[in-house]
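Below are the structure tokens for one structure; questions will follow.
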Amino acid sequence: MDIKSVIRTIPDYPKKGVMFRDITTLWQDAGGFRHVVDLLVWPYAGVRIDKVAGIEVRGFVLGGAIAHQLSVGFIPVRKKGKLPGDVISEQYELEYGTDTVEIHSDAIKTGDNVLLVDDLIATGGTAEAAINLLRRAGGTVIGAAFVIDLPEIGGAKRIEAMGINVRTLCAFDGD
């Protein structure tokens, strides 16, 4: 299956000059969605994974499906202020300013093996913050899985430099 062929590109969204890679068209294709989940899961067959962490919001859909397939728990990595109860936070730099991601303070037990999932890796800033957060919570991040890589932006290399194996299924030029 040509995964790229079922991902819609929306020019100039959310701002002029950006080519937005819309994965929702892949999710509408039942066979394509199943195929992508299988491709993201198979490298971890036989590997102990205790939790899958998905980055808001498209990582929730993929991460939930992957957690289900692996029969493990799911951890939502959310923007600041979106989770009820006791949370731990990680702030990170954006092009202009900062942002924060959070998980519940009881989401991970020390030593849990965690797979991080999102739809796309661009700069890697949010994924790096999520990895730092998961590690601070006591987890061991055993990999990061994405459907789409934007290699010219360098996020996958940034995550690999943290000692994390990165799996992507397709790449698009540009941003």
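The values are calculated or read from the model by the stated rules, or taken from the named source; none is laboratory data. This structure is a prediction, so every number in the text was calculated from the model and none was measured. We place every Cβ from the backbone using ideal geometry, glycine too, and count neighbours over all the protein chains shown.
Can you tell me which of Leu94, Leu62 is hydrophobic (A, V, I, L, M, F, W, C), within 27 Å of Phe20 (Cα to Cα) and over 14 Å from the mean Cα position of the chain (by Cα)?
None of the other options fit; the residue is Leu94.
Looking at (1) surrounded by 22 or more Cβ atoms within 10 Å (Cβ to Cβ); (2) closer than 24 Å to Ser71 by Cα; (3) touching a Gly at 6+ places or on another chain (Cβ under 7 Å); (4) not polar (S, T, N, Q), can you tell me which one Ile159 breaks?
All conditions pass for Ile159, except number (2).
Out of all the residues in the range 151-161, which are among the aliphatic types (A, V, I, L, M) and within 15 Å of Ile55 (Cβ to Cβ)?
Filtering the range 151-161 for residues among the aliphatic types (A, V, I, L, M) gives 153, 156, 159, 161.
Within the range 151-161, Ala156, Ile159 qualify.
Report yes if some residue within the range 130-143 is out of contact with any helix residue (DSSP H, G or I) (no Cβ under 8 Å at 6 or more places or on another chain), surrounded by 15 or more Cβ atoms within 10 Å (Cβ to Cβ), within 14 Å of Gly54 (Cβ to Cβ) and free of Cβ contacts under 8 Å to residues at least 60 places away in the same chain; otherwise report no.
yes
On to the next question. Within the range 159-175, track down each residue that is in contact (Cβ under 8 Å) with a residue 40 or more places away in the chain, outside any loop (DSSP other than H, G, I, E, B) and of a type in the set (Asp, Glu).
Hits for the range 159-175: nothing passes.
Let me ask something else about it. Among the residues in the range 106-122, are any more than 11 Å from the chain's Cα centre (by Cα), closer than 24 Å to Val36 by Cβ, polar (S, T, N, Q) and part of a helix (DSSP H, G or I)?
no
Can I ask one more? Cβ contacts < 9 Å: first residue part of a helix (DSSP H, G or I), restricted to the range 51-77; second residue at pLDDT 95 or above and polar (S, T, N, Q), any location; separation 6+ or different chain. Result?
Partner pairs satisfying both residue conditions: Arg58/Thr24; Val61/Thr24.
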